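Since the structure comes first, as structure tokens, the remarks are kept for the end.
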Amino acid sequence: MTGKRTRPRVALLIETALIYGREILLGIADYARIHHPWSIYVEQRDLIAEPPVWLFQQKWDGMISRSTTPQLVESIHKAGIPFVDLNDREDHFGIPRIRSDDVLIGRMAAEHLIERGFQNLAFCGFQGESWSHRRFQGFEETVNQRGLTGQVYDSPWLGGKPLRWGVEQERLVKWLSSLPRPLGIVACNDARGQHVLESCRQLNLKIPDEVAVIGVDNDEVMCRLSDPPLSSIAPNARGIGGLAAELLDQMMARTGVPEMETLVPPIGVVPRLSTDTLAIDDPLISEAVRFIREYACDGIRVEDILRQIPISRSQLEQKFRKEIGRTPHAEIRKVQLQRVMQLLGETELPLKQIAHQTGFPHLEYLNYFFKRNVGQTPGEYRRHCGKRSGPAENLLPDASRSGAAIRKE
């Protein structure tokens, strides 16, 4: 008679205070539920909290940690415990590690602002944080590739704990007041995005017309409580949790040779009102874009724009390509597609009704157009959205979407 399999005892040193850590924990829980259950230990903790002193008084079959330190790694080696490192603050310790592709996150955020016509760009980060610096690298690479220049501001981070806000805000206000406008700002995370939005309000700057802001993490509560709601890059933290659990399972079973480092790309941009603008100098094109945004899902055509804007079709096409890099027709389709993605991610409406509400006269064409531009069928995208909170902007292939597959180094 075969004995009952013992559940592996797994310790999770992952913060519960931040959305990123909670999403990782959900990914781990998903894996354990689908495959086989673990006996899991996890405690309420901050990211910067030290590993508990009693940790090695217990016997563990495996560990996954975001609070990895050199001392913890040394203890792990001595104990011979299978271990997966998820930290993004320290250097690579030479053990299997999985983390977000922060450079790609920075590129994607910069592209989002550049696509909206912003020529003046800035990055607001946290000093001495590797993850913030890598996001700045991606931002800087993209800005330089486009022949633009970017400004940067950073200050110390306290792992989600409040800064001395009076002093910090005074510095941020001084920095913002010195920058040219209209201005697009990439904040290294959503908390930093809130700091920037609050400082803009102190200066009575119009958001997003004078200053557009995008954060990272897609913390639904924080983003929606921001005024206006904060656009954000959604990292695939839940996917990281699932990959970490799968890797640890293999290590505990002693099967396969783990990769030393795996970079997981972000899901995409979740656009909200803080970047819902286009920095366009030409007033006629600005008016045309506003018209498209308001009526694209009514099934308008380029001819309808020309009835509103005193300009010839050839001039309209030429100016659109110069100002936003697309034709008027492509802009109409882009707005329609964003709305389709939003309805797929946030509602259970049948696809036929979504097609009707977004100005696509034929369901077959919507299916074709969606698959061509998003790389998934509407049904596949909806199932994917079920694993995260809200739809992401991932419409047209560009530099920010390169390397979208998981990269291993």
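For the stretch 78-121, a residue qualifies if it is under 23 Å from L263 (Cβ atoms), in contact (Cβ under 8 Å) with a residue 40 or more places away in the chain and among the charged types (D, E, K, R), and the qualifying residues are D88, R89, E90, R97, R99, D101, R107, E111. Applying a threshold of 9 Å to beta carbon distances and a minimum spacing of six or more residues, or different chains, the list of pairs starting in the stretch 314-327 at a residue that is more than 18 Å from E303 (Cβ to Cβ) and ending at one that is charged (D, E, K, R) reads K322/D282; E323/D281; E323/D282; I324/E115; I324/R116; I324/E331; G325/E115. When the stretch 118-131 is filtered for residues that are touching a Pro at 6+ places or on another chain (Cβ under 9 Å) and crowded, with 21+ Cβ neighbours inside 10 Å, the ones remaining, listed by number, are F118, F126. In the set Q318, Q336, only one residue is modelled with pLDDT of 90 or more, touching a Cys at 6+ places or on another chain (Cβ under 9 Å) and not small (G, A, S); that residue is Q336.
Return yes or no: is I64 in a loop (DSSP other than H, G, I, E, B) and farther than 17 Å from I185 by Cα? Taking the combined requirement at face value, the residue does not satisfy it.
Each row is one residue, and each column tells you yes or no for (1) more than 21 Å from T149 (Cα to Cα); (2) in the same structural domain as A122 (by TED's automatic domain parsing); (3) in contact (Cβ under 8 Å) with a residue 24 or more places away in the chain; (4) among the aliphatic types (A, V, I, L, M).
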{"site": "S178", "(1), (2), (3), (4)": "no, yes, no, no"}
{"site": "R181", "(1), (2), (3), (4)": "no, yes, yes, no"}
{"site": "V186", "(1), (2), (3), (4)": "no, yes, yes, yes"}
{"site": "A212", "(1), (2), (3), (4)": "no, yes, yes, yes"}
{"site": "E220", "(1), (2), (3), (4)": "yes, yes, yes, no"}
{"site": "P229", "(1), (2), (3), (4)": "yes, yes, yes, no"}
{"site": "A245", "(1), (2), (3), (4)": "yes, no, yes, yes"}
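Of the residues making up the stretch 294-310, one or more are modelled with pLDDT under 90 and either within 29 Å of R146 (Cβ to Cβ) or not assigned by TED's automatic domain parsing to the domain that holds D219 (or both).
So that you can scan it fast, the table gives a plain yes or no per residue for (1) touching a Pro at 6+ places or on another chain (Cβ under 8 Å); (2) within 19 Å of L18 (Cβ to Cβ):
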residue: L148; (1), (2): no, no
residue: V173; (1), (2): no, no
residue: A212; (1), (2): yes, no
residue: N218; (1), (2): yes, yes
residue: C223; (1), (2): yes, yes
residue: N236; (1), (2): yes, yes
residue: G241; (1), (2): no, yes
residue: Q250; (1), (2): yes, no
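In summary, helices (runs of 4 or more DSSP H) completely within the stretch 272-391 and bearing 2 or more residues that are within 30 Å of A187 (Cα to Cα) and out of contact with any helix residue (DSSP H, G or I) (no Cβ under 8 Å at 6 or more places or on another chain) occur at 283-295, 313-324, 328-346, 378-385. Of the listed requirements (1) surrounded by fewer than 17 Cβ atoms within 10 Å (Cβ to Cβ); (2) out of contact with any helix residue (DSSP H, G or I) (no Cβ under 7 Å at 6 or more places or on another chain), T68 misses just one: (1).
Going through (1) at pLDDT 90 or above; (2) hydrophobic (A, V, I, L, M, F, W, C); (3) more than 22 Å from the chain's Cα centre (by Cα) one by one, I19 falls short only on (3). Can you list the strands (runs of 3 or more DSSP E) found entirely within the stretch 150-233 that contain at least 1 residues being surrounded by fewer than 21 Cβ atoms within 10 Å (Cβ to Cβ)? Filter on the stretch 150-233 gives 150-156.
Inclusion of I267 among residues that are of a type in the set (V, I, T), over 30 Å from I14 (Cα atoms) and either at pLDDT below 95 or crowded, with 21+ Cβ neighbours inside 10 Å (or both) is not warranted.
Of note, R9 satisfies the criterion of being in contact with a strand residue (DSSP E or B) (Cβ under 7 Å, 6 or more places away or on another chain) and either at positive phi or without any contact (Cβ under 8 Å) to a residue 60 or more places away in the chain (or both). Scanning the stretch 35-46 for residues that are of a type in the set (A, V, I, L, M, F, W, C) and surrounded by fewer than 19 Cβ atoms within 10 Å (Cβ to Cβ) yields I40, V42. Would you mind stating whether G21 is within 23 Å of A187 (Cβ to Cβ), surrounded by 22 or more Cβ atoms within 10 Å (Cβ to Cβ), assigned by TED's automatic domain parsing to the domain that holds E246 and not aliphatic (A, V, I, L, M)? Against the criterion (within 23 Å of A187 (Cβ to Cβ), surrounded by 22 or more Cβ atoms within 10 Å (Cβ to Cβ), assigned by TED's automatic domain parsing to the domain that holds E246 and not aliphatic (A, V, I, L, M)), G21 qualifies.
The values are calculated or read from the model by the stated rules, or taken from the named source; none is laboratory data. Quick caveat, the model's predicted, so the values are computed rather than measured. Positions of Cβ are backbone-derived with ideal geometry, glycine not excepted, and every protein chain shown enters the neighbour counts.
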